[in-house]
1. Please report, for the Cα atoms of region 114-198, the Rg to one decimal and the Dmax as a whole number; what are they, in angstrom?
2. For W128, W62, what ranking results if the residue with the fewest other Cβ atoms within 10 Å of its Cβ goes first?
3. Quick one: plug the Kirkwood hydrodynamic radius of region 315-390 (C-alpha pairs) into Stokes-Einstein at 10 °C, 1.306 mPa s, and report D in µm²/s.
4. Over all distinct Cα pairs, what is the inverse of the mean 1/r for region 261-407, reported as the Kirkwood hydrodynamic radius in Å?
5. If N is the number of residues in region 346-426, what value comes out of its Cα radius of gyration divided by 2.2 N^0.38 Å?
6. Quote the FRET efficiency, to the nearest 0.05, computed for L102 versus L55 with a Förster distance R0 of 30 Å and r equal to the Cβ-Cβ distance.
7. Between D301 and L193, what FRET efficiency comes out of the Förster formula 1/(1 + (r/R0)^6) with R0 = 35 Å and r the beta carbon distance, rounded to 0.05?
8. For F294 and F200 in one chain, what is 0.36 nm times their gap in residues minus the Cα-Cα distance, to one decimal in nm?
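The numbers here are math on the coordinates, done by the rules we state, and not lab data. Quantities reported herein were computed from a predicted structural model and do not represent experimental measurements. Heads up, the Cβs are rebuilt from the backbone with ideal geometry, glycines too, and the neighbour counts pull from every protein chain shown.
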Amino acid sequence: MRPALLIRRLSRLFRIRAGEGALVFLLGFLLMGNSFALEVSDVLAISGFLDQVGLQGLLVVWVIDMLLIILTAGLQSLVVDRFRRTQIMQWMCLVLALVYLLLRFLFLIPSLAWLNYSLLYLLSDQQWLFFPLVFWVMANDIFDVAGAKRLFPLIAAGGLLGRVAGLLVAAAAPTVFGWLGYPSAALLSVNSLIYLGLFFLILWKVPRTAFRDSSYHRLPMRETLAEGQEFIRNVSSFKYLTFSLVAMGLALTIIEYHFLAVSHAAYEQADRFQTFYSLYRLGETLLAVAIQGFITSRLIDRISLKNSFLLLPATSLVSITWMLAIPGILSGTGGRLISRLVMSTIDESARKAFQGLVPEARRGRVSMFMDSYLFAIGTILGSLILAAIIFIASRNPELSSPRTYLIAAFLVTLGAVGLVIKMRQNYDMSLLNWRLTRRRRGTSTLDRLDF
């Protein structure tokens, strides 16, 4: 088959229009490099932390981690709409390259292993949030909302491919590096080189001409922090979605803790847990690649954007019910798999497309608020609830802490379903309000939408 014919058929299959192919490939490659490094560091951090510190210590780290996210999100929100997103991405990659190199040297000190794994966990979680957040704001500058709905799932599939490669390497690291006489922490040097390469790729290859005209206003600090919150508070559909995201952050934290509890009990040794956790995440990622590449975009188009937000709480209810009805590692791993698959594919793509409706000058602040503060608040609340239930259960032998915290997650998820229903009821009116507001400022991207 001729290369040109193959390219045309692939473009038709993935709905890529003329002139979009190179840019979609470039953005997908950036996301793939970050995902590879993130999965490697995440697996190393989780397995090492559980071995050196223990499961309940993770609740403390989660709270510290989310407080850091709230703090750094506040600082980042001051610059995300004040500078070009390409510049922010460049400096973020350079800083990550230097930090991973520093961590690699710290791992040469055996007595600091517990501290190093804690720092690596905090770094990987900050990286998990902020790199994709700035990346998708940058991508929203390139494509309009209709293009985002069509191409973002395909671009995100590049990130999922990076996750596959990273998890394969992390799963094989205990065996391969053991033969070579190196610790798995040597992979941190690879991460450093990846981000150095991404820095130069953004610097040399991301074309400035691809960006739509956006306003980068230099606002006072207090106004910068308040504007994203004000927009969400005044637009009813965003307001209800906001509260549902907090509720789901809480419920998903409890689901995650339960998964780690049952899986670490089954695989107590660090190397065995690292291999299990990597292979489990690999299976999750392969399913996510298929869903993201072939199902997500078409499903969102079929059921509409506003209905897509019901899928995450609905499937989480199924997961929690399974965990309650049949306790054990099968339901713990399967329940987490269902909820995480929906969150990382359909829900995330719907959220990014929904944020594309926000005017360009405010989009970064709104995206920052939704993707950082809300899940951080939900995780902190979930960690505190878990700590309280575990503490009470330790003094009441007749009380089962897993059953109690899963029932709490079920009730919170029911509340999230109700909030999404309220969002759907206010969705059309919110669109009408945005249309009127944006027509006063100029042309409206809503005119190009197909709801």
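1. Calculated on Cα positions, Rg and Dmax stand at 16.4, 52 Å.
2. Arranged by neighbour count, lowest to highest, W128, W62 become W128, W62.
3. Diffusion coefficient, whole number: 109 µm²/s.
4. Working: mean 1/r = 0.0566 Å⁻¹.
Taking every pair of different Cα atoms in region 261-407, averaging 1/r and inverting gives 17.7 Å.
5. Dividing the Cα radius of gyration by 2.2 N^0.38 Å gives 1.48.
6. 0.65
7. 0.35
8. Numbers: separation 94, 0.36 × 94 = 33.84 nm, distance 3.14 nm.
That pair, F294 and F200, stretches by 30.7 nm at full extension.
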